[in-house]
Amino acid sequence: MSSNDIIDAALEFMVLPSFTRIGSTIRSRIDSWQPLGGYDLSGRTVVVTGATSGLGRAAATQLLACGAEVAIIGRDHGRLESTRRSLAETTGNHKIVPIVCDMGDLQQVEVAAATITNSLDGLDAVLHNAGVLMNHRTDNAAGVETTVAVHVVGPFAMTNHLLPALRQRKPGRVITMSSGGMYTAPLTVDRLQMDEATYRGTEQYALAKRAQVTLNEMWAKRLESTEVVFHAVHPGWADTPGVADSLPIFGRVMSPLLRTPEEGADTMTWLAADDTARSGSGEFWLDRRVRPIHRLARTRRSDTPERRQRLWEWCEDNARVSAP
């Protein structure tokens with residue numbers, strides 16, 4: 001083990017320095033990260049969901065600064081248009097396609113996927129970043145809990161719809177922004193959607209994020225890595241509007257150590273930009289290194305082949321698709 005590996009392992013073991021800006025700062029130095037500005041993405045097209053704020057906006061900014069064409073997806077037309085103008089002014093890149101879509105609404109997801117396929121000149125990568133954290137249970141029109149609909153069902157459907165376009169790039173890339181919160185959550189299908197009586201927003205969020213990471217591995221097993229590559233990313237603890245709104249006490253207490261949105265989005269953007277970054281497909285990343293998806297024995301025990309298969313079938317049923 002090299003000295004860099006020892007330092008990285010020590011950071012990872014202690015959790016707090018690993019997930020805060022301390023971890024990203026140290027790792028960027030010991031691993032000599034190539035700055036994102038050094039990548040030329042001219043001719044590439046990337047879709048970023050949840051692109052009007054936080055990590056999604058930071059990733060869209062980074063990709064545009066590298067010359068990529070970026071389709072930005074958000075729920076509100078006004079915010080999307082404002083974001084488009086701001087990103088163009090900031091980066092000098094006007095190759096921005098705003099697409100209105102609530103990732104928790106399957107009909108809107110289908111329309112957005114058709115728009116992407118028909119209006120963009122190819123598709124190199126999809127960055128699933130849209131997210132919500134609710135204080136009380138709400139459901140979408142199909143009766144699926146909102147957090148699960150936005151984080152699990154909607155991305156599953158959109159990925160399936162966009163596979164033909166992604167396959168043409170050989171390989172296309174699907175990158176899912178997950179969260180360290182999933183480390184506390186078991187893999188479950190029966191309790192994936194919490195009922196109103198026991199609902200806790202942070203727990204529901206963690207359950208959805210665990211499902212995301214599991215599905216990332218399952219997609220990778222079902223498609224050749226020469227066609228489409230799948231990655232999931234843990235951004236660390238970043239100072240985003242989502243954290244400020246949903247976890248205000250955590251945000252205030254941890255404020256001095258929280259990563260900037262740009263630091264939190266770095267690995268997601270890097271995986272979309274770097275052609276030599278891939279160690280494989282279906283990996284889970286933090287700070288440009290592959291990480292295990294389990295830290296606790298109880299979550300590892302929950303991760304059985306039977307539950308994985310049930311999760312996949314549940315997603316197919318609720319996304320109304322037949323995936324590969």
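Quick notes on this one:
- Counting the residues of region 304-313 that are free of Cβ contacts under 8 Å to residues at least 12 places away in the same chain and surrounded by 18 or more Cβ atoms within 10 Å (Cβ to Cβ) gives 0.
- In the set (1) assigned to a loop (DSSP other than H, G, I, E, B); (2) hydroxyl-bearing (S, T, Y); (3) in contact with a helix residue (DSSP H, G or I) (Cβ under 9 Å, 6 or more places away or on another chain), Y183 fails one condition alone, (1).
- Qualifying residues in region 210-259 (those that are at pLDDT below 95 and hydroxyl-bearing (S, T, Y)) - the one surrounded by the most Cβ atoms within 10 Å (Cβ to Cβ): T240
- Close pairs from region 96-119: first under 20 Å from N318 (Cβ atoms), partner among the basic types (K, R), Cβ under 9 Å, at least 6 apart: C101/R75; D102/R75; M103/R75; G104/R75; D105/R75; L106/R320; Q108/R75; E110/R320
- Number of positions in region 128-151 that are touching a residue at least 24 places away in the same chain (Cβ under 8 Å) and not in a helix (DSSP H, G or I): 15
- Output for region 248-295, where each listed residue is without any contact (Cβ under 8 Å) to a residue 40 or more places away in the chain and either part of a loop (DSSP other than H, G, I, E, B) or of a type outside the set (A, V, I, L, M) (or both): P248, F250, G251, R252, S255, P256, T267, D275, T276, A277, S279, P292
- Filtered residues of region 260-286 (kept if modelled with pLDDT of 80 or more and hydrophobic (A, V, I, L, M, F, W, C)): A265, M268, W270, L271, A272, A273, F284, W285, L286
- Failed criterion for A277 (all others in (1) within 21 Å of the chain's Cα centre (by Cα); (2) within 22 Å of N160 (Cα to Cα) hold): (2)
- Region 64-83, residues that are buried (at least 20 other Cβ atoms within 10 Å of the Cβ) and farther than 26 Å from D139 by Cα: L64, C66, A68, E69, V70, A71, T83
- Residue list for region 281-303, filter: touching a strand residue (DSSP E or B) at 6+ places or on another chain (Cβ under 8 Å), more than 19 Å from A208 (Cα to Cα) and surrounded by fewer than 21 Cβ atoms within 10 Å (Cβ to Cβ): V290
- Figure legend. Inter-residue proximity from region 224-239: first residues hydroxyl-bearing (S, T, Y), second residues crowded, with 24+ Cβ neighbours inside 10 Å and outside any strand (DSSP E or B), beta-carbon distance below 9 Å, spacing 6+ or different chains. No pairs are indicated.
- Residue list for region 17-63, filter: surrounded by fewer than 21 Cβ atoms within 10 Å (Cβ to Cβ), outside any helix (DSSP H, G or I) and small (G, A, S): S32, S42, G43, S53
- Residues that are closer than 19 Å to G242 by Cα and either without any contact (Cβ under 8 Å) to a residue 60 or more places away in the chain or outside any strand (DSSP E or B) (or both), drawn from region 167-180: T176, S178, S179, G180
- Within region 64-80, the only residue that satisfies the criterion of being part of a strand (DSSP E or B) and out of contact with any strand residue (DSSP E or B) (no Cβ under 6 Å at 6 or more places or on another chain) is G74.
- Qualifying positions in region 98-127 - within 18 Å of V144 (Cβ to Cβ) and not in a helix (DSSP H, G or I): C101, D102, M103, G104, D105
- Residue selection: W285 satisfies the criterion of being out of contact with any Pro (no Cβ under 7 Å at 6 or more places or on another chain), of a type in the set (F, W, Y) and closer than 22 Å to L11 by Cα.
The values are calculated or read from the model by the stated rules, or taken from the named source; none is laboratory data. Just so you know, these numbers come straight off a predicted model, no measurement behind them. Note that we place each Cβ from the backbone using ideal geometry, even for glycine, and neighbour counts take in every protein chain shown.
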